[in-house]
1. If residue 100 satisfies every condition in (1) in a loop (DSSP other than H, G, I, E, B); (2) in contact with a strand residue (DSSP E or B) (Cβ under 8 Å, 6 or more places away or on another chain); (3) crowded, with 18+ Cβ neighbours inside 10 Å but one, which is the exception?
2. Just to be sure before I move on: is residue 125 part of a loop (DSSP other than H, G, I, E, B), modelled with pLDDT under 95 and either assigned by TED's automatic domain parsing to the domain that holds residue 229 or surrounded by 16 or more Cβ atoms within 10 Å (Cβ to Cβ) (or both) in the structure I sent?
3. State which residue pairs qualify: first residue more than 19 Å from residue 240 (Cβ to Cβ) and inside segment 76-89, second residue in a helix (DSSP H, G or I) in any location, beta carbons under 6 Å apart, and separation of 6 or more residues or different chains.
4. In segment 33-64, which residues are in a loop (DSSP other than H, G, I, E, B) and surrounded by 21 or more Cβ atoms within 10 Å (Cβ to Cβ)?
5. Looking only at segment 65-80, decide whether some residue is loosely packed, with under 15 Cβ neighbours inside 10 Å and out of contact with any helix residue (DSSP H, G or I) (no Cβ under 8 Å at 6 or more places or on another chain).
6. Which residues, taken from segment 172-191, are loosely packed, with under 14 Cβ neighbours inside 10 Å and not in a strand (DSSP E or B)?
7. Can you name the residue in segment 106-121 that is under 27 Å from residue 70 (Cβ atoms), loosely packed, with under 15 Cβ neighbours inside 10 Å and out of contact with any helix residue (DSSP H, G or I) (no Cβ under 9 Å at 6 or more places or on another chain) and, of all such residues, is modelled with the lowest pLDDT?
8. Could you tell me which of the residues 145, 210, 140 is touching a residue at least 60 places away in the same chain (Cβ under 8 Å) and loosely packed, with under 14 Cβ neighbours inside 10 Å?
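The values are calculated or read from the model by the stated rules, or taken from the named source; none is laboratory data. For clarity, every value in this text was computed on a predicted model and none was experimentally measured. Positions of Cβ are backbone-derived with ideal geometry, glycine not excepted, and every protein chain shown enters the neighbour counts.
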(Lines give C-alpha, C1' and ligand atoms only; values in the text may rest on other atoms or scores of the structure.)
Protein backbone atom coordinates (compact mmCIF):
# COMPACT_ATOMS: atom_id res chain seq x y z
CA UNK A 1 0.00 0.00 0.00
CA UNK A 2 2.84 2.39 -0.89
CA UNK A 3 2.19 5.98 -1.87
CA UNK A 4 -0.84 6.64 0.37
CA UNK A 5 -0.06 10.35 0.74
CA UNK A 6 -2.37 12.33 -1.51
CA UNK A 7 -4.55 9.26 -2.16
CA UNK A 8 -8.01 8.40 -0.87
CA UNK A 9 -7.43 5.31 1.26
CA UNK A 10 -9.94 3.68 3.59
CA UNK A 11 -8.81 2.95 7.13
CA UNK A 12 -7.75 -0.70 7.47
CA UNK A 13 -10.25 -2.83 9.39
CA UNK A 14 -7.58 -5.15 10.80
CA UNK A 15 -3.99 -4.96 12.00
CA UNK A 16 -1.93 -3.81 9.00
CA UNK A 17 1.78 -3.12 9.66
CA UNK A 18 2.45 -3.31 5.92
CA UNK A 19 0.74 0.05 5.47
CA UNK A 20 3.68 1.86 7.11
CA UNK A 21 5.63 3.78 4.48
CA UNK A 22 9.25 4.85 4.99
CA UNK A 23 10.74 8.11 3.74
CA UNK A 24 14.52 8.16 3.37
CA UNK A 25 16.16 11.01 5.23
CA UNK A 26 17.97 13.64 3.18
CA UNK A 27 20.88 15.15 5.09
CA UNK A 28 21.78 18.68 4.06
CA UNK A 29 25.25 20.13 4.46
CA UNK A 30 25.61 21.35 8.01
CA UNK A 31 22.92 18.99 9.30
CA UNK A 32 22.68 18.74 13.10
CA UNK A 33 24.48 16.05 15.05
CA UNK A 34 21.65 15.46 17.51
CA UNK A 35 17.89 15.40 17.42
CA UNK A 36 14.56 13.63 17.63
CA UNK A 37 11.28 13.62 15.78
CA UNK A 38 8.49 13.63 18.37
CA UNK A 39 5.09 12.52 17.08
CA UNK A 40 2.06 13.11 19.30
CA UNK A 41 -0.72 10.63 18.50
CA UNK A 42 -4.06 11.74 19.93
CA UNK A 43 -6.20 8.86 18.63
CA UNK A 44 -4.48 5.70 19.90
CA UNK A 45 -6.95 2.93 20.58
CA UNK A 46 -6.98 -0.88 20.70
CA UNK A 47 -8.76 -3.73 22.49
CA UNK A 48 -7.61 -5.73 25.50
CA UNK A 49 -10.03 -8.58 26.10
CA UNK A 50 -13.49 -7.01 26.30
CA UNK A 51 -12.12 -3.54 27.10
CA UNK A 52 -11.29 -0.73 24.69
CA UNK A 53 -8.14 1.24 25.53
CA UNK A 54 -7.69 4.86 24.47
CA UNK A 55 -4.60 6.95 25.06
CA UNK A 56 -2.42 9.80 23.87
CA UNK A 57 1.04 8.67 22.87
CA UNK A 58 4.30 10.38 22.06
CA UNK A 59 6.55 8.53 19.69
CA UNK A 60 10.27 9.39 19.57
CA UNK A 61 12.21 8.66 16.37
CA UNK A 62 15.95 9.44 16.39
CA UNK A 63 16.98 12.03 13.82
CA UNK A 64 19.89 9.85 12.69
CA UNK A 65 17.64 6.96 11.66
CA UNK A 66 18.03 5.97 7.98
CA UNK A 67 14.39 6.85 7.33
CA UNK A 68 11.33 8.34 8.92
CA UNK A 69 7.71 7.26 8.53
CA UNK A 70 5.18 8.96 6.27
CA UNK A 71 2.53 10.59 8.45
CA UNK A 72 -0.61 9.42 6.62
CA UNK A 73 0.63 5.84 6.59
CA UNK A 74 1.25 6.09 10.35
CA UNK A 75 -2.31 7.35 10.86
CA UNK A 76 -3.68 4.41 8.84
CA UNK A 77 -1.50 2.02 10.82
CA UNK A 78 -2.79 3.38 14.14
CA UNK A 79 -6.36 3.05 12.82
CA UNK A 80 -5.67 -0.59 11.97
CA UNK A 81 -5.15 -1.26 15.70
CA UNK A 82 -8.60 -0.01 16.73
CA UNK A 83 -10.29 -3.43 16.60
CA UNK A 84 -7.22 -5.56 17.22
CA UNK A 85 -7.17 -7.51 20.48
CA UNK A 86 -3.90 -7.45 22.40
CA UNK A 87 -2.99 -9.38 25.53
CA UNK A 88 -2.31 -6.12 27.37
CA UNK A 89 -1.63 -2.42 26.84
CA UNK A 90 2.07 -3.22 27.17
CA UNK A 91 1.74 -5.74 24.34
CA UNK A 92 0.13 -3.07 22.14
CA UNK A 93 2.90 -0.57 22.85
CA UNK A 94 5.60 -3.20 22.19
CA UNK A 95 3.95 -4.07 18.86
CA UNK A 96 3.87 -0.43 17.75
CA UNK A 97 7.50 0.08 18.75
CA UNK A 98 8.55 -3.04 16.86
CA UNK A 99 6.68 -2.13 13.67
CA UNK A 100 7.75 1.54 13.53
CA UNK A 101 11.36 0.66 14.39
CA UNK A 102 11.40 -1.77 11.48
CA UNK A 103 10.02 0.92 9.18
CA UNK A 104 12.56 3.64 10.06
CA UNK A 105 15.52 1.29 10.55
CA UNK A 106 16.30 2.37 14.12
CA UNK A 107 14.94 1.82 17.65
CA UNK A 108 12.04 4.13 18.55
CA UNK A 109 10.19 4.64 21.81
CA UNK A 110 6.53 5.15 22.64
CA UNK A 111 5.13 6.54 25.88
CA UNK A 112 1.39 6.59 26.50
CA UNK A 113 -0.63 8.68 28.91
CA UNK A 114 -4.34 9.12 29.58
CA UNK A 115 -6.11 11.95 27.79
CA UNK A 116 -6.68 13.61 31.18
CA UNK A 117 -2.89 14.00 31.57
CA UNK A 118 -2.38 15.92 28.31
CA UNK A 119 -1.83 19.16 30.23
CA UNK A 120 1.23 17.59 31.85
CA UNK A 121 3.16 17.81 28.56
CA UNK A 122 1.64 21.08 27.32
CA UNK A 123 4.04 24.00 27.78
CA UNK A 124 3.96 27.30 25.91
CA UNK A 125 7.08 28.97 24.53
CA UNK A 126 8.57 31.88 26.46
CA UNK A 127 11.14 33.99 24.66
CA UNK A 128 11.61 36.87 22.22
CA UNK A 129 8.93 36.98 19.54
CA UNK A 130 10.42 37.66 16.12
CA UNK A 131 8.99 40.73 14.37
CA UNK A 132 6.41 40.13 11.65
CA UNK A 133 7.65 40.24 8.10
CA UNK A 134 5.90 42.71 5.80
CA UNK A 135 4.33 41.36 2.63
CA UNK A 136 6.46 43.63 0.44
CA UNK A 137 9.63 42.46 2.20
CA UNK A 138 8.97 38.72 2.22
CA UNK A 139 10.80 36.17 0.12
CA UNK A 140 9.42 33.78 -2.48
CA UNK A 141 12.19 31.25 -1.87
CA UNK A 142 14.69 30.38 0.84
CA UNK A 143 17.68 32.76 0.81
CA UNK A 144 20.08 31.96 3.65
CA UNK A 145 22.49 34.70 2.58
CA UNK A 146 20.15 37.39 3.97
CA UNK A 147 20.78 36.22 7.55
CA UNK A 148 22.89 38.79 9.36
CA UNK A 149 24.23 39.54 12.81
CA UNK A 150 23.14 42.56 14.81
CA UNK A 151 25.41 45.60 14.45
CA UNK A 152 28.39 45.67 16.79
CA UNK A 153 31.18 43.10 16.98
CA UNK A 154 31.51 40.98 20.07
CA UNK A 155 27.81 41.26 20.91
CA UNK A 156 27.58 37.71 22.31
CA UNK A 157 24.19 36.66 23.69
CA UNK A 158 22.09 33.65 24.66
CA UNK A 159 18.64 34.08 23.14
CA UNK A 160 15.40 32.18 22.68
CA UNK A 161 13.67 33.39 19.51
CA UNK A 162 10.06 32.45 18.74
CA UNK A 163 7.86 32.65 15.67
CA UNK A 164 4.27 31.44 15.46
CA UNK A 165 4.16 32.14 11.71
CA UNK A 166 6.13 29.22 10.30
CA UNK A 167 4.44 27.99 7.13
CA UNK A 168 5.63 25.40 4.63
CA UNK A 169 3.96 23.19 2.03
CA UNK A 170 3.59 19.42 1.86
CA UNK A 171 5.90 18.22 -0.94
CA UNK A 172 3.23 15.83 -2.26
CA UNK A 173 -0.12 17.60 -1.83
CA UNK A 174 1.16 21.22 -1.66
CA UNK A 175 -1.21 21.78 1.28
CA UNK A 176 0.06 24.30 3.88
CA UNK A 177 1.52 23.17 7.19
CA UNK A 178 1.63 25.66 10.07
CA UNK A 179 3.79 25.61 13.17
CA UNK A 180 5.53 27.52 15.93
CA UNK A 181 9.31 27.76 15.68
CA UNK A 182 11.73 27.86 18.61
CA UNK A 183 15.37 28.93 18.11
CA UNK A 184 17.74 28.82 21.08
CA UNK A 185 21.31 29.89 20.43
CA UNK A 186 24.42 31.33 22.03
CA UNK A 187 26.85 33.42 20.03
CA UNK A 188 27.04 36.71 18.20
CA UNK A 189 23.58 38.27 18.24
CA UNK A 190 21.39 37.60 15.22
CA UNK A 191 19.50 40.39 13.52
CA UNK A 192 15.86 39.52 14.29
CA UNK A 193 14.42 41.16 11.19
CA UNK A 194 16.75 39.15 8.95
CA UNK A 195 15.66 35.90 10.64
CA UNK A 196 11.98 36.78 10.09
CA UNK A 197 12.60 37.61 6.45
CA UNK A 198 14.56 34.38 5.98
CA UNK A 199 11.70 32.33 7.46
CA UNK A 200 9.22 33.97 5.07
CA UNK A 201 10.92 32.02 2.28
CA UNK A 202 9.39 28.82 3.63
CA UNK A 203 5.84 30.02 2.96
CA UNK A 204 6.03 28.67 -0.59
CA UNK A 205 8.62 25.95 0.08
CA UNK A 206 7.59 22.32 -0.35
CA UNK A 207 9.32 20.10 2.19
CA UNK A 208 8.61 17.56 4.90
CA UNK A 209 8.60 18.94 8.45
CA UNK A 210 11.87 17.25 9.37
CA UNK A 211 13.66 18.49 6.26
CA UNK A 212 12.50 22.09 6.82
CA UNK A 213 13.80 22.11 10.39
CA UNK A 214 17.15 20.66 9.34
CA UNK A 215 17.46 23.29 6.60
CA UNK A 216 16.70 26.09 9.07
CA UNK A 217 19.27 24.62 11.47
CA UNK A 218 21.93 24.27 8.75
CA UNK A 219 21.41 27.83 7.52
CA UNK A 220 21.58 29.28 11.03
CA UNK A 221 24.79 27.34 11.63
CA UNK A 222 26.43 29.40 8.88
CA UNK A 223 26.22 32.28 11.38
CA UNK A 224 28.69 30.31 13.54
CA UNK A 225 26.79 30.18 16.85
CA UNK A 226 28.48 28.58 19.85
CA UNK A 227 25.39 26.40 20.34
CA UNK A 228 22.07 26.01 18.53
CA UNK A 229 18.73 24.27 19.00
CA UNK A 230 15.86 24.49 16.51
CA UNK A 231 12.41 23.04 17.21
CA UNK A 232 9.24 23.30 15.11
CA UNK A 233 5.91 22.54 16.78
CA UNK A 234 3.74 21.76 13.75
CA UNK A 235 -0.02 21.65 14.13
CA UNK A 236 -1.73 18.31 13.93
CA UNK A 237 -3.25 16.61 10.93
CA UNK A 238 -5.41 13.51 11.16
CA UNK A 239 -4.87 13.11 14.89
CA UNK A 240 -1.05 13.37 14.69
CA UNK A 241 1.35 16.27 15.06
CA UNK A 242 5.11 16.29 14.46
CA UNK A 243 7.72 18.20 16.47
CA UNK A 244 11.25 17.85 15.06
CA UNK A 245 14.03 18.77 17.51
CA UNK A 246 17.57 19.47 16.20
CA UNK A 247 20.53 20.49 18.33
CA UNK A 248 24.29 20.99 18.35
CA UNK A 249 24.39 19.27 21.74
CA UNK A 250 22.99 15.90 22.92
CA UNK A 251 19.39 16.07 24.08
CA UNK A 252 16.89 13.57 25.44
CA UNK A 253 13.47 13.00 23.84
CA UNK A 254 11.09 15.72 25.03
CA UNK A 255 7.30 15.23 24.93
CA UNK A 256 6.55 18.99 25.04
CA UNK A 257 3.62 20.16 22.94
CA UNK A 258 1.91 23.55 22.56
CA UNK A 259 -1.74 24.35 23.11
CA UNK A 260 -2.24 25.10 19.40
CA UNK A 261 -1.16 21.56 18.51
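1. Unmet condition: (1).
2. Spelling it out, it is not the case that residue 125 is part of a loop (DSSP other than H, G, I, E, B), modelled with pLDDT under 95 and either assigned by TED's automatic domain parsing to the domain that holds residue 229 or surrounded by 16 or more Cβ atoms within 10 Å (Cβ to Cβ) (or both).
3. 86/92
4. 63
5. No, because not a single residue in segment 65-80 is loosely packed, with under 15 Cβ neighbours inside 10 Å and out of contact with any helix residue (DSSP H, G or I) (no Cβ under 8 Å at 6 or more places or on another chain).
6. Across segment 172-191, the qualifying residues are 173, 174, 175.
7. For segment 106-121, the residue satisfying everything is 115.
8. 140
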